[in-house]
1. Got a sec? How would A:TYR103, B:TYR417, A:TYR280, B:TYR251 order by Cβ neighbour count within 10 Å, fewest to most?
2. Find the chain B residue whose Cβ sits closest to the rotation axis that carries B onto A, and give that distance in whole Å.
3. Give the residue list of trypsin sites (Lys or Arg not before Pro) in segment B:449-509 that are DSSP loop and have at most 11 other beta-carbon atoms within 10 angstrom.
4. Can you give the mean number of other chain Cβ atoms that lie within 10 Å of the Cβ atoms in peptide B:416-425?
5. Which residues in segment B:363-392 place their backbone N less than 17 Å from a point set 7 Å from the Cα of B:GLU262 along the Cα-to-Cβ direction?
6. When Cβ neighbours within 10 Å are restricted to other protein chains, what is their mean count per residue of peptide B:67-76?
7. How do B:LEU287, B:LEU70 rank when sorted from fewest to most other Cβ atoms within 10 Å of their own Cβ?
8. So if I take the alpha carbon set of segment B:184-314, get Rg, then get Rh from the Kirkwood formula, what is the Rg over Rh ratio?
Protein chains: 2
Amino acid sequence: MNGAEALLKTLVDAGIEICFANPGTSEMHLVSAIGRSSEVRPILCLFEGVVTGAADGYARMADKPAITLLHLGPGLANGMANLHNAKKAHVPMVNIVGDHAPYHLPHNAPLTSDVTAHAKINSTWVKTSTSADNLAKLGAIAVQQTSVGTGRVATLIAAANHAWEPAEKSYRARRAKILPDVSPEVVSAVAALLRNGKKTAFVLGGHALREDALVFAGRIAAKTGCPLFGETFPTRHQRGVGRVSITRVPYFAEHALGVLGEYEQFILIGAATPVAFFAYPDTPSVLVPPTATVTSLASIDEAVLPALSALADAIGVGAGLEVLQDRVLPDRPSGALTAATIGDTIALLMPDNAIVSDEGITCAAEVFARTAGGARHDWLAITGGAIGQGLPVSFGAAIACPDRKVIALQADGSAMYTVQSLWSMARENADVVIVLLNNDSYAILNIELARLKTGKPSDKTLSMLDIGHPSLNWQSIAAGMNVRASRAHSAEEFHAQFEAAMQTKGPHLIEAVIKQDIAAIFSMEN
Amino acid sequence: MNGAEALLKTLVDAGIEICFANPGTSEMHLVSAIGRSSEVRPILCLFEGVVTGAADGYARMADKPAITLLHLGPGLANGMANLHNAKKAHVPMVNIVGDHAPYHLPHNAPLTSDVTAHAKINSTWVKTSTSADNLAKLGAIAVQQTSVGTGRVATLIAAANHAWEPAEKSYRARRAKILPDVSPEVVSAVAALLRNGKKTAFVLGGHALREDALVFAGRIAAKTGCPLFGETFPTRHQRGVGRVSITRVPYFAEHALGVLGEYEQFILIGAATPVAFFAYPDTPSVLVPPTATVTSLASIDEAVLPALSALADAIGVGAGLEVLQDRVLPDRPSGALTAATIGDTIALLMPDNAIVSDEGITCAAEVFARTAGGARHDWLAITGGAIGQGLPVSFGAAIACPDRKVIALQADGSAMYTVQSLWSMARENADVVIVLLNNDSYAILNIELARLKTGKPSDKTLSMLDIGHPSLNWQSIAAGMNVRASRAHSAEEFHAQFEAAMQTKGPHLIEAVIKQDIAAIFSMEN
């Protein structure tokens, strides 16, 4: 048994089933060990941003880690933007990054870099192997580390020679920690706050946006009359017919300030205090009124579900009071293809238990609003704001849930960042329907430009936000990676194509050619 | 004048002409300042790896820095692999990375990350603005820092509010430093070594591979009978007819050990001691014999040209003794399309003063060998081994040298990493002919697998190195980004398509469908 084999056995024993990989020479013994194993499924991706984003999507849906296999510092660097999103999503993930043998490092070969420095940026736990045996031992610790709190990104740096040198044995990961419970005193204190007469709102995030937790939140809201807000970019939000619905905190700070401004007291449940995405001249960073009090019932890393259950008990509300979302059937859309008609089509046609990976950017709010009364679904948002997440997350979710339909609501500009995802979807026949929102623009940046008060933009300024010269042809790009594709110019065309895609297994990209009124998007959002 | 405008004026005054950009909200005042300026040309790229790779290619050919404009930590992360290559290439580059306003950072908004930690990995100089006025001042220092030694990557982190707040003035960068001269004592010592009777070889890198320096190296080699080796992955190597040619140190360690093993003494000129790219079981890291002496005439960061001139004087060799490369005209190739026939076509057809960006991986050595007697050209290699460099570098080189033909010799697997380059080439009508080597494989990894002695690979192992299931359709991918494309299956087809491409301005991708015998590639490489 060499170090690579000992590590692999350790990971398999810890329940790892999937390895998203873009390996190189320094990982070749790990590749060989996986190749000799019948237990880990390797999934090749043609760029590391796909690897890490897919592992994030997998973890969101499987509630357990996949491993990634990455090639030295530059390979890890290519995956870092989606590791940033994964860190902000609090998902479990184990990165295995090869590095040179320690005796080779001082020679400063071309691919030498400070892998640890790369890894520390987005990983809570980073260790480098010191021997073949230690490599396997660290594998067990890495898996354990992913189950700290809601989830953590752990990175194990595997020196090439520790993979090929002989190892003694594999190791067993200790049982995953349970999330710490919120104390009864905290629950009582929050229950008391709900009786103080202040105008109160709840802000939900993390596990509080899962169906089981939302039921209790819904009862508490019904009993107290206090509204439920949800964080703007949730890791996984379970919504649709028969579930308790929430109001998402708007993306634009000025809208959020309006929505939240009337409350005197906020109760956080698995969420942080709402803050602006960016700083803007003359706009505050914190989106709750400065005079409001903010109290946390449970942090993202505490047991949210029992805390909500206890709070419901404390305020004396039992089952049945929660308001569940009705089925809302919009008319079959017609005419111009817009975010609204796309949302209506999805609401009408998505199957029960669908998964939506949302990187729809300027189209997302409208589609989100229109699908509230559609079939039950999980909504996965861009947690860290680093674009290029949507396609990989949809792919990883499809790997985790092969029996569920995945819909990638995907803006064009950000699709380009990890466009290589399409190839892996084709290779694995992932059941993902990509709604590729082609507006020929970094539309969000045109809005941000106006919000930042930089003055009337010149044509040269606007050219830097314009991706329509030349226009990207998404049917061709998809065909280049063997993904079935079609193009829709009207609501009717889109509806027909989406309907066909819902009835077929495997990846399908629908290029939705939309025209957007930038000013209207801005005023409409919430 | 706001901070962004003061910074831009500072950069313009320091000679900056080009900004490769993928901006976001936090850089919007910089975008506006560029938009209002007539002096800096902004070039939009749809992924940050294209931005940084293009700035590297530009610097290699322009011998001066471009600026990059990047969006916070994740935007910088996406550009880091090519910053790694740029660092190893010793090119000048100024990265301008936006970050949140300092007062916004403590709120941990989604895109908050440690931008400095990202930047330090590949930049020699990193500073964050402390005020609008300081932002401009740091811009001047950043440009100065790029001219330390042969070249440096400098990163200026621009807090969003320092871009929009008022600034007093712009700043003037101090005159670029001159490279330090090698002392006469070092030159005399090396001249003495050349008379000690030991079997000696020169290893050339950095500026020693430019035409002006090669002339002196050629004279010294002719006089002493000592061969000229060149580093395996040079930043910019000027070669072809009428120039002094060198023997490149082979990529594979076992080949390099054979080639270098007979020498007792090595003289380094702008190069480091040759080392293996990776560590392998039972293979040494250092590629010169352990008993050999290694002496540096001039480091990469010293003045190589005067050192060579002085050494020529010291050993008493004047003009005219250097051996210049003859024009070698291969037959017009026919039959199967291989690296050899591609090399022959390029040798026959590339125009004088062409630029070759080499990310040909397993095809590169053969094409390199075949083009030795072709027209004069600059050969730009993958300096840091981080793949995804070839297309962006070719693009940046075309921006720097609009009157020269650029040939991107590009492997398929690595092309996918920064495939977004094609769109920027189309947008800017960059004069790049991409020879897309489609072998449906990470062929190099199949070779590395064998070299690493991991045992007979299973089908599952090989599937992790196989990018041919499904096959990428490069004509479709190119069409999706508005780049003209054609496909060649035979030497004749390739020759005809390459000939047509040489006679047309603007980007053209030729998908060269090649079959490779992996074992043969390995045994052939040098």
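1. By the 10 Å Cβ count, ascending: A:TYR103, B:TYR251, A:TYR280, B:TYR417.
2. Nearest Cβ to that rotation axis, in whole Å: B:SER476, 2.
3. B:LYS505
4. Per residue, the average neighbour count from other chains is 4.
5. So the set is empty, nothing qualifies.
6. The mean count of partner-chain Cβ atoms within 10 Å per residue comes to 4.
7. Going from sparsest to densest Cβ surroundings: B:LEU287, B:LEU70.
8. 0.95
The numbers here are math on the coordinates, done by the rules we state, and not lab data. Predicted model, so just to flag it, every value in this text is computed and none were measured. Every residue, glycine among them, receives a Cβ derived from its backbone with ideal geometry; neighbour counts consider all protein chains shown.
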